1. Can you say whether residue 256 is touching a residue at least 40 places away in the same chain (Cβ under 8 Å), outside the structural domain of residue 206 (by TED's automatic domain parsing), out of contact with any helix residue (DSSP H, G or I) (no Cβ under 7 Å at 6 or more places or on another chain) and over 30 Å from residue 212 (Cα atoms), as far as the supplied structure shows?
2. Out of 169, 247, 176, which single residue is surrounded by fewer than 21 Cβ atoms within 10 Å (Cβ to Cβ), under 26 Å from residue 71 (Cα atoms) and over 21 Å from the mean Cα position of the chain (by Cα)?
3. Examine the range 84-92 for a residue that is within 30 Å of residue 146 (Cβ to Cβ) and within 15 Å of the chain's Cα centre (by Cα), and state whether such a residue exists.
4. Identify, please: which residue in the range 215-228 is out of contact with any helix residue (DSSP H, G or I) (no Cβ under 7 Å at 6 or more places or on another chain), touching a residue at least 24 places away in the same chain (Cβ under 8 Å) and over 17 Å from residue 274 (Cα atoms) and is, among those, surrounded by the fewest Cβ atoms within 10 Å (Cβ to Cβ)?
5. Considering only residues of the range 40-60 that are buried (at least 21 other Cβ atoms within 10 Å of the Cβ) and either part of a loop (DSSP other than H, G, I, E, B) or in contact with a strand residue (DSSP E or B) (Cβ under 8 Å, 6 or more places away or on another chain) (or both), which is modelled with the lowest pLDDT?
6. Considering only residues of the range 61-88 that are in contact with a strand residue (DSSP E or B) (Cβ under 8 Å, 6 or more places away or on another chain) and part of a loop (DSSP other than H, G, I, E, B), which is surrounded by the fewest Cβ atoms within 10 Å (Cβ to Cβ)?
7. It is to be established whether one or more residues within the range 235-242 are touching a strand residue (DSSP E or B) at 6+ places or on another chain (Cβ under 6 Å) and assigned by TED's automatic domain parsing to the domain that holds residue 306.
8. Is it fair to say residue 143 is under 19 Å from the mean Cα position of the chain (by Cα) and either without any contact (Cβ under 8 Å) to a residue 40 or more places away in the chain or in the same structural domain as residue 196 (by TED's automatic domain parsing) (or both)?
């Protein structure tokens, strides 16, 4: 028996946004892989997403809209597929077609219905009652707290919302804080998940949302409230330039021979050795290999790590959390670090396609196992 989301695959059925159901399954299978789940969970995710769209309310504080911008550039799923097929985006200041009174009425209606996931973007100023950021004449900290009271959970997207980010950098004149901290200050007790980054990879956010849609809870979090599937390893551990670090080959300055040959950027201030994120394994923008700062020759500055990004001087040496060499060494005969090759990307795409069929065949059994674990 096919899952609800796939009943019309063979007849070429499409979802509301025009995405074929086969492609819809590929999206959900890819999300399962991002989450570190077996690919067969893709069918379970698809069925849950097709059964009921998750209502989402998006609250924006002190921010540059970069987190929304990164979401706009996702391609699997695209934004229209996300908001037309997977979730119900009930309020978002940047993406709403209405404005002013219409927008505020949309927020009020969403809060009245309740049960949504609240996404918080940007930091939240607490000094002087929060007067340094207002929407509709109300301090954004009060709007966050009110919306939080009716939410099932909060996802803080970006470093600003996770722990204060750039607005909280010294001397922090507005006393900016992360969404989770402000909710606690306001006495709002709901689960909070942080997706730090400036901006974060959209697939870390999208995968976490689909996990919530499927299982009705947030994925496993670390001690800083970050999902373990994305933030459990140091960037340094899987960096394409790591073999050069282990061999003692470093770029000494921008544009020198070492820099041009793809040597390690540690001496230029790369904070990968003390920053937990999956930037080195999940690239940005779907534009191919090397599409992340280190891949393009810029040192990581630890944007997602509290106490590193926006705090430690850009070109100061990183604190080495773990210098143990990896179990195996990547080849170093290439001219520069290049990330995933086009051939490897094609193989990965084929694997996801094949996993769709496997997922349909085994999703029921795996779902029963997952339910058993939750009891």
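1. No: the conditions fail for residue 256.
2. Exactly one of 169, 247, 176 is surrounded by fewer than 21 Cβ atoms within 10 Å (Cβ to Cβ), under 26 Å from residue 71 (Cα atoms) and over 21 Å from the mean Cα position of the chain (by Cα), namely 169.
3. no
4. 217
5. Top of the filtered list is 40.
6. If we take residues in the range 61-88 being in contact with a strand residue (DSSP E or B) (Cβ under 8 Å, 6 or more places away or on another chain) and part of a loop (DSSP other than H, G, I, E, B), then 65 is surrounded by the fewest Cβ atoms within 10 Å (Cβ to Cβ).
7. Yes, the range 235-242 contains at least one residue that is touching a strand residue (DSSP E or B) at 6+ places or on another chain (Cβ under 6 Å) and assigned by TED's automatic domain parsing to the domain that holds residue 306.
8. Answer is no for this residue.
The values are calculated or read from the model by the stated rules, or taken from the named source; none is laboratory data. Keep in mind that what you see is a predicted model, and the values were worked out from it rather than measured. When we count neighbours, we look across all protein chains shown, and the Cβ atoms used for this are built from the backbone with ideal geometry, even at glycine.
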